[in-house]
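Below you'll find the structure, written out as structure tokens, and then a few comments.
Throughout, read-outs are computed from the coordinates displayed, never taken from laboratory work. This is a predicted model, so every value here is computed, not measured. So basically every Cβ, Gly included, is an ideal-geometry build from the backbone, and we count neighbours across all protein chains shown.
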Amino acid sequence: MEILKGIGVSPGIAICPAIILEAEDYRIPQRFVVRKQVRAEIQRLRQAFLDAIEEVSQMQGTQAEIWDSRIKDIFAVHLHFLRDRSLRKKIADLISENFYTAEYAVSHILRDIAKHFSQADDAYISERVHDIYDIEKRLLRHLIGKRQEEISNFSEPMVIISQDLTPTQTASFNQHYVKGLATDAGGRTSHTAIVARSLGIPAVVGLGKITQTVASGDRVIIDGTQGTIIINPDESTIDDYKAMAEEMVEHETALGELASLDAKTTDGTKIDLLGNIEFPHEADITLKKGGDGIGLYRTEFLYLDIDHEPTEEDHFQAYKATIENFGDHPITIRTLDLGADKFTHYGHNIRERNPFLGLRSIRYCLQHLHLFKTQIRAILRASVFGNIKIMFPLITNIMELRQAKWIVEDVKEDLEEEGIDFDHTMQIGVMIETPAAALIADHLANEVDFFSIGTNDLTQYTLAVDRVNERVASLYTPAHPAVLNLIRQTIQCAHRAKIDISLCGEMASDVEYAPLLIGLGLRTLSLSPPMIPEVKKVIRSISLDECNAIARRAMEFDTSKQTINYLREEIRKIQDAEA
């Protein structure tokens with residue numbers, strides 16, 4: 001028996017024989033055709049695009065009933081790329097100008113796009129590289145004529161072991177037979193992880209060398225909740241995990257019953273639990289999980305198109321769709337968090353040695369006013385359809401904030417002159433995600449209607465730790481006393497100014513921190529929608545006095561390890577009391 005530890009990205013337990021899915025990796029050499037063959041190569045290219053479109057469309061038709069909107073959106077993106085005439089023209093032009101084969105031209109252009117995506121330090125954007133590789137492989141299959149054996153043809157329960165999986169591969173799996181997934185590569189925000197969660201397939205990624213450790217036919221336990229893989233377990237271990245699987249089903253059923261209940265402490269203090277979302281359809285997921293609104297609507301997904309920046313209408317329709325899903329519940333839209341560290345339109349791409357300290361977020365927007373005003377106009381237009389708030393990211397000084405507010409006022413005047421309606425009372429807030437913002441929170445509070453503490457960047461900037469660098473990842477923790485003190489100070493400033501305050505970083509999604517954050521004075525948390533029931537359950541199991549006591553004790557420790565161990569012990573007591 002051998003145990004491996006990875007990243008659990010889709011909860012659940014699977015116990016089945018393993019099937020090794022070999023990587024579908026095409027190495028395309030640089031080859032040329034003679035001038036008279038160019039037209040034929042371009043025709044081959046065109047046919048490959050048409051065949052790929054038909055293939056994806058057929059998958060949509062046959063699997064639509066079991067897919068949720070997240071998977072449908074991924075396939076819609078793939079079809080968008082495949083139907084993009086400008087993309088096909090770029091490849092055809094490369095064939096015409098350089099006499100490349102269609103295979104090499106496809107690989108060259110799409111890998112260049114993938115490289116551009118991969119250079120983004122933002123995990124969400126960089127993970128989109130897998131979609132580009134997925135499209136490349138699909139086109140190359142049709143050009144070369146090779147096809148891997150379809151997993152969907154198998155008829156026995158199994159777990160899939162692979163170096164990596166593309167989103168469309170994962171979405172095409174037959175849930176009746178594919179019971180679990182484990183890969184060498186991958187991260188929490190990959191589309192493959194999203195698809196696995198949507199289909200309810202337990203999955204563990206980032207295992208490193210699982211494909212070299214497991215052989216086809218080996219019995220494997222995949223624990224997607226704990227991120228654990230057990231190879232050839234003994235009968236006692238199998239029995240233990242079968243019992244755990246049954247308990248998880250009962251636990252999920254109990255959590256589902258919480259959706260219609262408020263997140264109230266045992267002594268009646270209401271805590272608003274909001275969702276952090278990337279796409280409009282996730283508003284509906286937040287509602288189903290029992291969320292009270294949207295605390296962070298990231299809008300960078302609109303900039304994934306490789307050929308043009310989104311128009312005002314693109315923005316407007318996305319925001320309006322979210323409002324239609326969420327009705328009168330509050331929706332806080334964060335203005336663009338773009339810059340040198342994130343994918344933007346090619347015309348705005350600027351290389352910087354240290355992008356996280358460079359031209360990003362509000363700084364970027366203030367230097368690209370056309371882009372900024374386009375989004376502000378769309379948000380204001382959408383504001384008449386629901387309860388919309390606007391929030392500026394990475395504010396570090398008063399003048400940045402005032403400039404951004406002046407631009408909003410300018411746009412309001414333009415809309416009034418054009419006779420376009422909007423909510424004149426729409427609230428404006430800022431994200432507190434740098435030590436500078438936390439330290440001048442008293443001054444910022446006089447300028448805005450609300451704060452939202454972004455603990456991801458606040459932790460990174462306070463501790464000087466790159467959160468996506470595995471070599472220093474162990475140093476990244478919001479439990480550090482310096483981070484906790486900045487959070488407490490920001491909350492106190494908001495309370496003195498009598499403005500609303502929430503916390504929207506990953507810290508809010510961790511049940512261990514819930515009592516501490518409530519004890520520090522927060523009454524609104526914005527978190528990943530799937531975690532809303534878990535956090536709600538903790539809140540409904542503890543009193544406000546207990547949260548206050550936990551916060552007082554946690555703030556006395558001088559190391560993050562002491563704090564984390566203490567918080568985990570308190571959560572364990574809560575869970576034991578429930579049992």
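Relative to the present Cα-Cα distance, how much length would full extension add between Thr213 and Ile53 at 0.36 nm per residue of separation?
Values: separation 160, 0.36 × 160 = 57.60 nm, distance 3.66 nm.
Gain on extension, Thr213 to Ile53, equals 53.9 nm.
Using a cut-off of under 11 Å, list every residue of region 308-331 whose amide N is near the label point 7 Å from the Cα of Phe385 along the Cα-to-beta-carbon line.
314-327
Quick check of the Kirkwood formula: for region 176-257, what is the inverse mean of 1/r over all pairs of different Cα atoms, in Å?
It is 13.9 Å.
Find how much the distance from Arg111 to Ala436 grows on full extension, using 0.36 nm per residue of separation minus their present alpha carbon separation; answer in nm with one decimal.
Working it through step by step, the gained length comes to 113.1 nm.
Net charge within 11 Å of Ala479 by Cβ-Cβ distance, Lys/Arg positive one each and Asp/Glu negative one each, not counting Ala479 itself? Before the final figure, lay out each step's value.
Values: positive: Lys561, Arg568; negative: Asp510, Glu512.
Once all neighbours under 11 Å are counted, the net charge is 0.
If we count other beta carbons within 10 Å of each Cβ, what is the order of Tyr100, Tyr513, Tyr241, fewest first?
Tyr241, Tyr100, Tyr513
Take the Cβ-Cβ distance between Gln492 and His370 as r, set R0 to 60 Å, and report the resulting FRET efficiency rounded to the nearest 0.05.
Working: r = 39 Å, r/R0 = 0.65.
Computed FRET efficiency for Gln492 and His370 comes out at 0.95.
For the pair Lys573 and Lys270, how long in nm is the line joining their label points, each one 7 Å along Cα→Cβ?
2.9 nm
How many percent of DSSP beta bridges within the chain run antiparallel, rounded to 5?
Within the chain, antiparallel bridges account for around 35 percent of the total.
Determine the percent antiparallel among the DSSP beta bridges restricted to region 260-578, to the nearest 5.
Taking every DSSP beta bridge within region 260-578, about 5 percent pair in antiparallel fashion.
Beyond a 23 Å Cα-Cα separation, which of these cross-linked pairs lie in this structure: Lys288/Lys536; Lys5/Lys561; Lys5/Lys179; Lys242/Lys289; Lys115/Lys137; Lys270/Lys561?
Lys242/Lys289; Lys270/Lys561
Hey, what's the per residue convex hull volume over the C-alpha atoms of the chain, in cubic angstrom?
Numbers: hull volume 94.4 nm³, N = 579.
In the chain, the Cα convex hull volume per residue is 163 Å³.
If you place +1 on the Cβ of every Lys and Arg, -1 on the Cβ of every Asp and Glu, and leave all else neutral, what size is the dipole of the chain about its Cα centre, to the nearest 20 Debye?
Value, rounded to 20: 1440 debye.
Less than 21 Å apart at the alpha-carbon level, and either on another chain or at least 8 residues along: which lysines does that give for Lys36?
Lys89, Lys90
Tell me, in nm to one decimal, what length is gained between Arg402 and Lys36 on full extension, where the rule is 0.36 nm per residue of separation less the Cα-Cα distance?
Values: separation 366, 0.36 × 366 = 131.76 nm, distance 6.18 nm.
That works out to 125.6 nm of additional length.
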